[in-house]
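Scroll down for the structure; my scribbles are underneath it.
Quick note: the coordinates plus some simple rules give every number you see, no bench work behind them. Because the structure is a prediction, the values reported are computed rather than measured. FYI the Cβ positions are ideal-geometry reconstructions off the backbone, even for glycines, and counts take in every protein chain you see.
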Amino acid sequence: MASTHDTAARAAEVLVASNRGPVSYEVREDGSLHAKRGGGGLVSGLSAIGPEAGALWVCSALSDGDREAVRRGVGEEGVRMLAVPADVHEDAYNGIANSVLWFVHHLLYQTPLEPAFDAEFRRQWASYEAYNRAFAEALAEDAADGAAVLVQDYHLCLVPGMLRELRPDLRIGHFSHTPWAPVDYFALLPADIREQLLRGMLGADRLGFLTRRWADAFTACCTEFAGGPGKTRIGVHGLGADADFLRERSHRPDVDERMAALRAEIGEGRKAIVRVDRTELSKNIVRGLLAYRQLLDDHPEWRERVVHVAFAYPSRQDLAVYRDYMAEVRRLSEEINDAYGTPGWTPVLLNLKDDFARSLAAYRLADVALVNPIRDGMNLVAKEVPVVSDEGCALVLSREAGAYWELREDAITVNPYDVLETARALHEGLTMKPEERAERTKRLSAAATALPPAQWFLDQLNALREIQPS
Ligand code: F6P
């Protein structure tokens, strides 16, 4: 498989591997390539070790633009993009990672009808293996003797085992950004697939999870299906919000502008219940809307006095089930607006267009933040809102979010399936006294920023380097 990298990139001392890399390319109308850099915990984590650390980020080409960049030999220093064939990537990413592994770890199947592990699944699984092998081979090629390799997420579960065989000298870590399934749910997978996934992960020297709960779930699966975790160490690293970045970014003029626009849309004197999500099936936006409707029924005094600001940004739109979910979010929002709206009041302000500055504006002005996922590895929105909030914000938080373990004392916690309880929690948040809200927000913000991305990354790297090669 072709790739963009020069010889200087070989013999890297620190390697990161993830499906989505820090840069993506677009072919412009005039045929030129436009590079777009992404953000997130890994990007700021890696920048913490500095350019002299000899780091290499191995990622997959995701789009035609990316594949064109690889073909033309265009690339960024410190990034190796793998030109995984589009059909192999489609099977591995959409077919296995997002339609099977994501579903298993987030408990998303409607089990009377799915999953059905048929011949098509086996065909896609072969692509998942090929895609993982492409990563293992690239890492084996570019890693210096004894280098540290940090493999990311459910897309690349087989890489540690494959890489161990190719390069026994390396120190291999894997980090899961998702929850891990409970034993009985993981058991839905065919026996050989379960074993392959666990053995692939256990090829690592060290596995990282966002919370103790997900780490324990993994260990339980190993005990049940793989004779235990063996020599592989397991660590917990609860990624926190990046306070410095957020505070600075949220006070730039573009955010101020959007705040003014949002305030005008919400209307004078009204409170705002804010949610911001990538529209993944696990985010539970639909039940959030149902709870809001329930609030308007149970407490008619809130009508005209509150607005639900829901930012639901598109994600994984190649999958029909994601598109259908988005359509349901839209339909229900309209239904609520039709049923309850008045000439001067739109109860739900739904916005589907990703706009980071506007998200920050909403964080700043929110009276209540609604974070009610069915299940979530961490959920950084729950951690970002208290950091950015201008005057304090009540946090309604699902007990199934990883962030629950760090924020539960000062959040209003809910069972994400319980619409009535969520409606009561929204009411409690809206009626919380300003002083209490401000106090809780201060404590939430401290807990949310306990482990900033740079430290989160360094802790993992150091822990991996401390392991003596066997
Ligand atoms: O939120 C969990 C997560 O696995 C992140 O680690 C990762 O960035 C993202 O989901 C993957 O999303 P996408 O399918 O858009 O690349």
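Quick notes
- Note on the range 79-93 and the range 412-438: Cα centroid distance 43 Å, given to the nearest whole angstrom.
- In the chain, the DSSP-assigned H stretches of four residues or longer account for a calculated mean residue ellipticity at 222 nm of -13500 deg cm²/dmol, using -39500 (n - 2.57) per stretch and the full residue count as denominator.
- The P(r) of the range 341-470 has a tail past 19 Å containing 56 percent of all C-alpha pairs.
- Taking every DSSP beta bridge that has both ends in the range 243-448, the antiparallel portion is near 5%.
- Coarse-grained scattering of the range 78-154 at q = 0.26 Å⁻¹, given as base-10 log I(q)/I(0) from a Debye sum over alpha-carbon atoms: -1.24
- Value of Rg to Rh for the range 26-169, rounded to two decimals, is 1.00; Kirkwood radius and Rg both from alpha-carbon coordinates.
- Sorting 165, 400 from the fewest to the most surrounding beta carbons within 10 angstrom yields 165, 400.
- Virtual spin-label span in nm between residue 254 and residue 187, 7 Å along Cα→Cβ: 5.0
- Counting every other Cβ atom within 10 Å of each residue's Cβ, 410, 87, 66 order from fewest to most as 87, 410, 66.
- Cβ-to-Cβ counts within 10 Å put 242, 142, 355 in ascending order as 355, 142, 242, the fewest first.
- When exposed loop sites are taken as chymotrypsin sites (Phe, Trp or Tyr not before Pro) in a DSSP loop with at most 15 other Cβ atoms within 10 Å, the longest stretch of the chain clear of them is 118-416.
- Applying both filters, DSSP loop and at most 14 other Cβ atoms within 10 Å, to the GluC sites (Glu not before Pro) of the range 29-117 gives 29, 77.
- Alpha-carbon Rg/Rh ratio, for the range 243-448, with Rh computed the Kirkwood way: 0.93
- Spatial separation of Cα centroids for the range 20-75 and the range 104-178, in angstrom: 21
- Loop-located GluC sites (Glu not before Pro) in the range 271-341 (DSSP state other than H, G, I, E, B) with a sparse environment of at most 10 neighbouring Cβ atoms within 10 Å are absent.
- Translational diffusion of the chain, µm² s⁻¹ [Kirkwood Rh, Cα pairs; Stokes-Einstein; 10 °C; 1.306 mPa s]: 68
- Averaging Cα coordinates gives a centre for the range 355-385 and one for the range 220-285; these two points are 5 Å apart.
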